[in-house]
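Trainee: Quick one: the structure is below, questions incoming.
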Amino acid sequence: MRKINQGNPRAFFPLCSADTARALALLEEYCTNLRKPEEQQLKTAIQRVMGIFKSNLFEALLGNLTLITNLL
């Protein structure tokens with residue numbers, strides 16, 4: 001059974017809004033370099049992930065996660 005790290009909640013829940021924004025920026029930059037026909041499927045998949053990161057539901061879940069980590 002895994003022990004819960006009570007000393008540092010971010011070790012257990014490492015995501016925050018800044019991390020999400022950074023991930024989005026990196027994905028957008030990477031997508032601009034995908035131009036070949038064989039890369040279009042990957043580009044579409046990455047764009048879907050970016051859409052999820054930008055969604056209100058994802059932001060709400062991230063907010064709940066932040067609240068939980070602050071309570072720990």
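Trainee: Would you please list the contacts, defined by Cβ atoms under 8 Å and residues six or more apart or on different chains, that run from a residue in the range 34-63 that is under 23 Å from Ser17 (Cβ atoms) to a residue that is loosely packed, with under 12 Cβ neighbours inside 10 Å and at pLDDT 85 or above?
Mentor: Phe58/Ile52
Each row is one residue, and each column tells you yes or no for (1) modelled with pLDDT of 85 or more; (2) of a type outside the set (Lys, Arg); (3) surrounded by 11 or more Cβ atoms within 10 Å (Cβ to Cβ).
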| position | (1), (2), (3) |
| --- | --- |
| Arg2 | no, no, no |
| Pro9 | no, yes, yes |
| Ser17 | no, yes, yes |
| Ala23 | yes, yes, yes |
| Leu42 | yes, yes, yes |
| Gln47 | yes, yes, yes |
| Leu62 | no, yes, yes |
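The values are calculated or read from the model by the stated rules, or taken from the named source; none is laboratory data. What you are looking at is a predicted structure, and each value in this text was computed from that prediction instead of being measured. Reconstructed Cβ throughout: ideal geometry from the backbone, glycine too, with neighbour counts over all protein chains shown.
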